[in-house]
Amino acid sequence: MEGVIDAHTRDLLTRQPGFDWAVTEFVRVVDARLPPRVFLRHCPELDAGVATPSGIPVALQLLGSDPTALAANAEQALRLGAREIDLNFGCPAKLVNRHDGGASLLRDPRRVHAAVASVHSAVGSEIPVTAKIRLGFSHRRLALDCAKAAEDGGATQLVVHARTRDEGYRPPAHWEWIGRIRRHLRIPVVANGDIWSLEDYWKARTLSGCRDVMLGRGALADPWLAPRIRHWLLTGEPLPATPWQARAAILTEFAALQRITLPDRVVTSLVKQWLNHMRQQDAEAARRFQAVKRINDLETLLAGLSPQRMQRTCGSLEPA
Ligand SMILES: Cc1cc2nc3c(=O)[nH]c(=O)nc-3n(C[C@H](O)[C@H](O)[C@H](O)COP(=O)(O)O)c2cc1C
């Protein structure tokens with residue numbers, strides 16, 4: 001997820017069992033072939049077996065509309081070691097759509113087909129090309145055509161975010177629409193959108209009929225969501241709610257990893273950004289966020305996350 005899930009986040013999220021696959025933030029393709037540093041910035045895992053440190057494979061995501069440029073950049077990614085290319089047809093950002101990228105291609109299934117087919121023929125049949133779509137741009141009438149266009153173009157898997165571009169991130173996600181698509185495709189379809197809990201996972205699976213789901217914001221809000229799902233599938237037992245100590249530990253480790261290359265000022269806002277995602281689903285994270293949101297010093301922020309030091313730093317809060 002652009003600006004949110006980088007290689008360090010992927011590393012931290014995949015340390016527990018639950019994830020089978022991860023995708024980079026999108027690499028924006030306009031017309032030129034991009035230099036290696038751009039790919040390595042988005043996907044440092046290219047230098048480490050194209051997997052997270054715990055061994056979860058990472059697909060490199062491209063976003064663009066020109067089939068020739070997408071193919072040239074897919075070839076470039078391959079030269080650098082990529083083993084899987086994912087194509088983004090879901091991004092709703094106005095700037096991206098104005099420049100004819102992301103979800104804007106869903107207005108014409110032929111363009112989805114051309115993009116996938118061009119990348120598929122450039123990388124060859126040994127390299128999986130996967131695609132990510134929404135249900136459409138401003139309506140759902142072309143949802144199935146776009147999905148079939150991706151499949152006919154050579155996509156080996158399709159992730160469907162169950163909303164149109166115009167629906168943005170507004171609930172609900174229309175998981176039943178993913179089922180309609182799945183029933184018409186031969187390739188695996190993965191359900192995505194608004195899976196925040198085990199209950200959501202089960203509803204999304206039931207309504208879509210998909211075996212696999214993709215987690216976005218839900219995994220940031222609760223980094224133990226994927227392990228929770230995996231544990232329940234294996235044992236039938238739910239895991240207990242994620243305690244604050246575990247959340248604080250992951251945020252602290254995140255800061256330590258980011259600090260290796262980024263200035264404290266940037267790390268401070270990244271930590272707050274992740275805490276902001278956590279607060280959507282957790283009362284303690286919400287209290288901590290309120291207490292630390294105006295802190296601009298990284299050490300003080302980290303102290304504000306720690307259960308023991310919380311009282312001293314922000315006297316009004318109870319320790320967890
Ligand atoms: C801040 C942000 C950045 C995102 N960046 C990407 C991206 O780079 N590539 C992509 O395929 N989807 C991206 N998405 C979409 C998510 O992958 C996902 O499809 C969407 O958030 C719905 O799933 P969720 O409800 O589980 O988050 C992004 C979403 C958000 C909120």
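Tell me yes or no: at least one residue of region 69-77 is open to solvent by 20 Å² or more (accessible area, probe 1.4 Å), among the hydrophobic types (A, V, I, L, M, F, W, C) and more than 16 Å from the ligand (Cβ to nearest atom).
Checked against the condition, which is being open to solvent by 20 Å² or more (accessible area, probe 1.4 Å), among the hydrophobic types (A, V, I, L, M, F, W, C) and more than 16 Å from the ligand (Cβ to nearest atom), region 69-77 yields at least one hit.
Quick one: in region 22-35, which of the residues that are open to solvent by less than 60 Å² (accessible area, probe 1.4 Å) and not in a strand (DSSP E or B) is modelled with the lowest pLDDT? Can you show your working first?
Taking region 22-35 as the starting set, the residues that turn out to be open to solvent by less than 60 Å² (accessible area, probe 1.4 Å) are 22-27, 29, 32, 34-35.
Keeping just the survivors that are not in a strand (DSSP E or B) gives 24-26, 29, 32, 34-35.
Values: 24: 98, 25: 98, 26: 98, 29: 97, 32: 91, 34: 98, 35: 98.
Checking each candidate, the answer is 32.
So which pairs qualify, if the first residue must be in region 215-238 and open to solvent by 60 Å² or more (accessible area, probe 1.4 Å) and in a helix (DSSP H, G or I), the second must be charged (D, E, K, R) and more than 11 Å from the ligand (Cβ to nearest atom), the Cβ gap must be under 8 Å, and the two must be at least 6 apart or on different chains?
231/237
Working only within region 120-156, note down all residues that are within 16 Å of the ligand (Cβ to nearest atom) and at positive phi.
136
So residue 41 clears everything in (1) part of a strand (DSSP E or B); (2) charged (D, E, K, R); (3) open to solvent by 10 Å² or more (accessible area, probe 1.4 Å) except one condition, right? Which one?
Of the numbered conditions (1) part of a strand (DSSP E or B); (2) charged (D, E, K, R); (3) open to solvent by 10 Å² or more (accessible area, probe 1.4 Å), the odd one out for residue 41 is (1).
Listed residues 48, 59; which is away from the ligand (no atom under 15 Å from the Cβ) and of a type in the set (Gly, Ala, Ser)?
Details: 59 fails: away from the ligand (no atom under 15 Å from the Cβ).
Just a single option satisfies the conditions, and that option is 48.
Considering only residues of region 1-35 that are more than 13 Å from residue 216 (Cα to Cα) and of a type in the set (A, V, I, L, M, F, W, C), which is nearest to the ligand (Cβ to nearest atom)?
Only one residue fits best here, namely 26.
Among the residues of region 105-119, what is the count of those that are within 16 Å of the ligand (Cβ to nearest atom) and in contact with a Lys or Arg (Cβ under 8 Å, 6 or more places away or on another chain)? Before the answer, list the steps.
First, the residues of region 105-119 that are within 16 Å of the ligand (Cβ to nearest atom): 105-106, 112, 115-116, 119.
Going one step further and asking which of them are in contact with a Lys or Arg (Cβ under 8 Å, 6 or more places away or on another chain), we end up with 105-106.
Looking only at that region, the number is 2.
So residue 159 clears everything in (1) β-branched (Val, Ile, Thr); (2) away from the ligand (no atom under 16 Å from the Cβ); (3) touching a strand residue (DSSP E or B) at 6+ places or on another chain (Cβ under 6 Å) except one condition, right? Which one?
Evaluating residue 159 over (1) β-branched (Val, Ile, Thr); (2) away from the ligand (no atom under 16 Å from the Cβ); (3) touching a strand residue (DSSP E or B) at 6+ places or on another chain (Cβ under 6 Å) leaves (2) as the failure.
Out of region 90-102, which residues are part of a helix (DSSP H, G or I) and surrounded by fewer than 17 Cβ atoms within 10 Å (Cβ to Cβ)?
So in region 90-102, the residues part of a helix (DSSP H, G or I) come out as 94-98, 102.
Across region 90-102, the qualifying residues are 94, 95, 98.
Going by what's in this entry, would residue 173 be described as on the phi < 0 side of the Ramachandran plot, touching a strand residue (DSSP E or B) at 6+ places or on another chain (Cβ under 6 Å) and surrounded by 22 or more Cβ atoms within 10 Å (Cβ to Cβ)? Explain how you work it out, then say what you get.
On the way: on the phi < 0 side of the Ramachandran plot: yes; touching a strand residue (DSSP E or B) at 6+ places or on another chain (Cβ under 6 Å): yes; surrounded by 22 or more Cβ atoms within 10 Å (Cβ to Cβ): yes.
Yes, satisfied.
Among 191, 248, 256, which is in the same structural domain as residue 289 (by TED's automatic domain parsing) and without any contact (Cβ under 8 Å) to a residue 40 or more places away in the chain?
Numbers: 191 fails: in the same structural domain as residue 289 (by TED's automatic domain parsing); 248 fails: without any contact (Cβ under 8 Å) to a residue 40 or more places away in the chain.
Answer to the selection: 256.
The values are calculated or read from the model by the stated rules, or taken from the named source; none is laboratory data. Note that the structure is a prediction, hence the values are computed from the model and not measured. Positions of Cβ are backbone-derived with ideal geometry, glycine not excepted, and every protein chain shown enters the neighbour counts. All accessible areas refer to the heavy atoms of the entire protein, side chains included, with ligands and DNA or RNA removed. Shrake-Rupley method; radii C 1.70, N 1.55, O 1.52, S 1.80 Å.
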